[in-house]
Amino acid sequence: MAIKVESSYGLLGTDSGVSATVDGSGSIHPMFGDYQVEWWVGEEERWYRPRSETTLVHRRIGSAPVFETSLTIASGRIVAKTWAAIGREAQKPSVITELSNESSTPVAVAIVVTPFDGIKSLRVEKNSLIVDECSQVTVDRPPGYYLLQEGSKNLENLIFNGKADKEIPPPLKSRKKSATGALIVPLTHKSGLRFVIAPTIEKKIDPGSLPDFSRVETGWGQRLKTRATTNLPNNDLGGLGPRALVDLLISSPTPQGAIQLAAWGLVDDASERIASADPTPQWLSAAIELWIRHRRVEDFLSSAAVKIEPLVRSLGKKDALGQVLTDGLTSLLRAIGEDRAAKDLTNLDRGFPDSLVSPFDDLVSETNEGVQLLSKPLPQSWYGKDFELHGMATRWGKLGFAVRWHGENAALLWEMEPHEDLAPLITIPGLQKEFSTFKTEGETLLTPLPPKDNNGTS
């Protein structure tokens, strides 16, 4: 079996941000430490280091930031699930790995901590490795063996040949910042264990007290309830699916990210990010986009709302807004009762680009006249395959459309809920350039353009 990995690394995090990354071998790289944590598995005949094995499958289980690494050994499988969560003992998120022994024999598991640019100190405290006196790697049972040493040379040989210590070793301080350590624990067949990487040593973390990955999945599912939904053949035309939206939610806030969240239906999350950001012209653009797409006055009037005045004041003499954003800001100021400020915008230079991001990629383009569905030619891989999108918050209003194939022809179904003062023109140049309509909903049969091959020729 060849190694199967979905991507080079995945993000692990919560609403508080990214806590760690996990790579294709299941190794964890916490953001709060300059080290990595691996798990190695020992059978009677040999040890397995996932990074060096070909009998490995790594995947993201669903939309939530929960990853599974499955290692096949001689007697069966060892399956690791990794996620981040906040428990009762700490205010900051921890990273949890749960290992299940699905094989027919007991195994040993080595939880190994190795430095990247430096670990100055390591010590063992009961079931924990304390790293640089600021973070801990804690397992849910007493280890059978321990190992602390300078550097990672011969580390595999020491563990694989059973030369780790049965007694807790003395603390290790490393002038070379190369302290390395391992906790080795038993894992009987058809059973599981947990270890936790936590950004604190003030309280001992009980791995069993942290939420299960199923609760994490349920929580993220609830967060995405308002999102725009898609059912697409592939990602050739872009767009943001549930996984991409979750990664956007746990990543550091940016004006571009806030616009994408607003466009894809996560308006409350977009509003919170804009409200908590330091005022800059880019965040002003994001605030205007939020208004243009959703027209929710409460996003700008409540105590925790977006404060538009400091955002406007962030514009320097060389900054300017384009026509769409200027008109949007004028509309917003009037909606919140700032008529005088709205009048002052008539002297504002309008040469600044109108958009920081195209939130729908090639699925939908927003123009001065309306919306273009499928602005680029339909990929060859999409021909004959039904697809649909619903709940996209465009500048013109909420949009949904679907394509249903009838032989070589395609039926377009669309529905637009325009803002009350707008009448958008709807076109679909990627399927039939001649089609256009001002109707807010309908169905029509199109004669699609010939499919393009990978070289762009018909």
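We did not get these values from a lab; they are worked out from the coordinates using the rules stated. For clarity, every value in this text was computed on a predicted model and none was experimentally measured. Quick reminder, even Gly has a Cβ in these numbers, built from the backbone with ideal geometry, and neighbours come from all protein chains shown.
Compute the distance from the alpha-carbon center of the range 371-443 to that of the range 137-190, in whole Å.
59 Å
Note down the Stokes-Einstein diffusion coefficient of the range 74-138 in µm²/s, whole number, using a Kirkwood radius over alpha carbon pairs, 37 °C, and 0.692 mPa s. Intermediate values should be presented prior to the final figure.
Working: Rh = 14.3 Å.
For these conditions, the coefficient is 230 µm²/s.
Alpha carbons only, please: Rg and Dmax for the range 364-446, in angstrom.
Final numbers for Rg and Dmax: 12.2, 39 Å.
Of Leu210, Ser314, Gln222, whose Cα points farthest to the positive end of the dipole of the chain (charges on the beta-carbon: +1 Lys, Arg; -1 Asp, Glu; origin at the Cα centre)?
Positive-end residue among those listed: Leu210.
Which one, Ile86, Ile119, Val357, is farthest towards the positive end of the dipole of the chain when Lys and Arg carry +1 and Asp and Glu -1 on their Cβ?
The one lying farthest along the dipole's positive direction is Ile119.
Based on Cα positions only, what radius of gyration and what Dmax would you give for the range 1-74, in angstroms?
Values for the range 1-74 (Cα only, Rg and Dmax): 13.2, 44 Å.
Convex hull over the Cα atoms of the range 4-218, averaged projected area in nm²?
Projected over every direction and averaged, the Cα hull of the range 4-218 covers 10.9 nm².
For Cα Rg over 2.2 N^0.38 Å, one of (1) 1.20; (2) 1.02; (3) 1.10 was computed from the structure I shared and the rest are decoys. Which label?
Only one option fits the structure, namely (1).
At a Förster radius of 60 Å, what calculated FRET efficiency corresponds to the Cβ-Cβ distance of Leu345 and Asp206, to the nearest 0.05?
That gives a FRET efficiency of 0.60.
Could you derive backbone 3J(HN,Hα) for the range 193-201 from the dihedral phi with the Karplus parameters 6.51, -1.76 and 1.60 (θ = phi - 60°), listing whole Hz in sequence and x where the residue is Gly or Pro?
Residue by residue, the range 193-201 yields 8, 10, 10, 10, 10, 10, x, 7, 10 Hz.
Using alpha-carbon pairs under 8 Å, 6+ residues apart, how would you state the relative contact order of the range 153-286 in percent? Walk me through the numbers on the way to the answer.
Numbers: 53 pairs, mean separation 18.1, N = 134.
Rounded, it is 14 percent for the range 153-286.
Would you mind working out the magnitude of the charge dipole of the chain relative to its Cα centre, with +1 at each Lys and Arg C-beta and -1 at each Asp and Glu C-beta, to the nearest 20 Debye?
1180 debye
Just rank Glu167, Glu102, fewest to most, by other beta-carbon atoms within 10 angstrom.
Fewest to most other Cβ atoms nearby, the residues stand as Glu167, Glu102.
So for the range 364-446, averaging the separation of alpha carbon pairs under 8 Å that are six or more residues apart and normalising by length, what relative contact order in percent results?
Relative CO of the range 364-446 lands at 30 percent.
For Lys173, go through the aspartates and glutamates and keep the ones whose alpha-carbon is under 14 Å away, minus same-chain ones fewer than eight residues off.
By straight Cα distance, Lys173 reaches Asp132, Glu133, Glu150.
Can you work out ³J(HN,Hα) from phi for every residue in the range 321-336, in order, using Karplus 6.51 cos²θ - 1.76 cosθ + 1.60 and θ = phi - 60°, giving whole Hz and x for Gly and Pro?
Once θ is set to phi - 60°, the couplings for the range 321-336 become 10, x, 4, 4, 5, 5, 4, x, 5, 4, 4, 5, 4, 5, 5, 9 Hz.
Per the helix-only calculation at 222 nm, which mean residue ellipticity applies to the chain, given -39500 (n - 2.57) for every DSSP H run of n ≥ 4 and division by its residues, nearest 500 deg cm²/dmol?
So the calculated ellipticity at 222 nm is -5500 deg cm²/dmol.
Check which residues have an amide H placed less than 5 Å from Asp386's amide H, if you skip close sequence neighbours.
Answer set, sorted by chain and number: Trp405.
Determine the alpha carbon to alpha carbon distance for each of Lys376/Lys398; Lys120/Lys163; Lys225/Lys307; Lys126/Lys203; Lys92/Lys176; Lys153/Lys177 and list only those over 19 Å.
Over 19 Å Cα-Cα: Lys376/Lys398; Lys120/Lys163; Lys225/Lys307; Lys92/Lys176.
Please report the relative contact order for the chain, taking Cα pairs under 8 Å with a sequence separation of at least 6, and give it as a percent rounded to a whole number.
11 percent
Residue by residue through the range 121-137, which ³J(HN,Hα) values in whole Hz follow from phi under the Karplus form 6.51 cos²θ - 1.76 cosθ + 1.60 (θ = phi - 60°), with glycine and proline marked x?
For the range 121-137, the Karplus curve yields 8, 9, 8, 9, 10, 6, 8, 10, 9, 9, 9, 6, 6, 9, 8, 9, 10 Hz.
How do Arg340, Arg215, Arg223 line up, fewest other C-beta atoms within 10 Å first?
The order, fewest Cβ neighbours first, is Arg340, Arg215, Arg223.
Pull up all non-local amide H partners of Tyr48: gap of 5 or more, or a different chain, and H-to-H distance under 5 Å with H placed in the peptide plane.
The list, which skips near neighbours in sequence, is Val41, Gly42, Glu43.
Find how much the distance from Thr218 to Ser252 grows on full extension, using 0.36 nm per residue of separation minus their present alpha carbon separation; answer in nm with one decimal.
On the way: separation 34, 0.36 × 34 = 12.24 nm, distance 2.26 nm.
Gain in length upon complete extension: 10.0 nm.
Near the amide H of Thr200, under 5 Å away, which other amide H atoms are found, from residues 5 or more places off or on another chain, if H is placed in the peptide plane?
For Thr200, the qualifying residues are Gln136.
If you take the beta carbon distance between Lys163 and His189 as r and set R0 to 25 Å, what does 1/(1 + (r/R0)^6) give as a FRET efficiency, to the nearest 0.05?
0.50
Under a point-charge model restricted to the Cβ atoms of Lys and Arg (+1) and Asp and Glu (-1), what is the dipole moment magnitude of the range 4-218 relative to its Cα centre, in debye to the nearest 20?
260 debye
What ranking do Arg293, Arg60, Arg88 get, fewest neighbouring Cβ atoms within 10 angstrom at the top?
Exposure proxy ranking, most exposed first: Arg88, Arg60, Arg293.
Have a look at Phe300, Ala198, Pro377 and report the one farthest towards the positive end of the charge dipole of the chain, computed about the Cα centre with Cβ charges (Lys/Arg +1, Asp/Glu -1).
Ranked along the dipole, the leading option is Ala198.
Given R₀ = 22 Å, what would the calculated FRET efficiency be for Asn154 paired with Glu44, taking r from the Cβ atoms and rounding to 0.05? Before the final figure, lay out each step's value.
Numbers: r = 22 Å, r/R0 = 1.01.
So the FRET efficiency works out to roughly 0.50.
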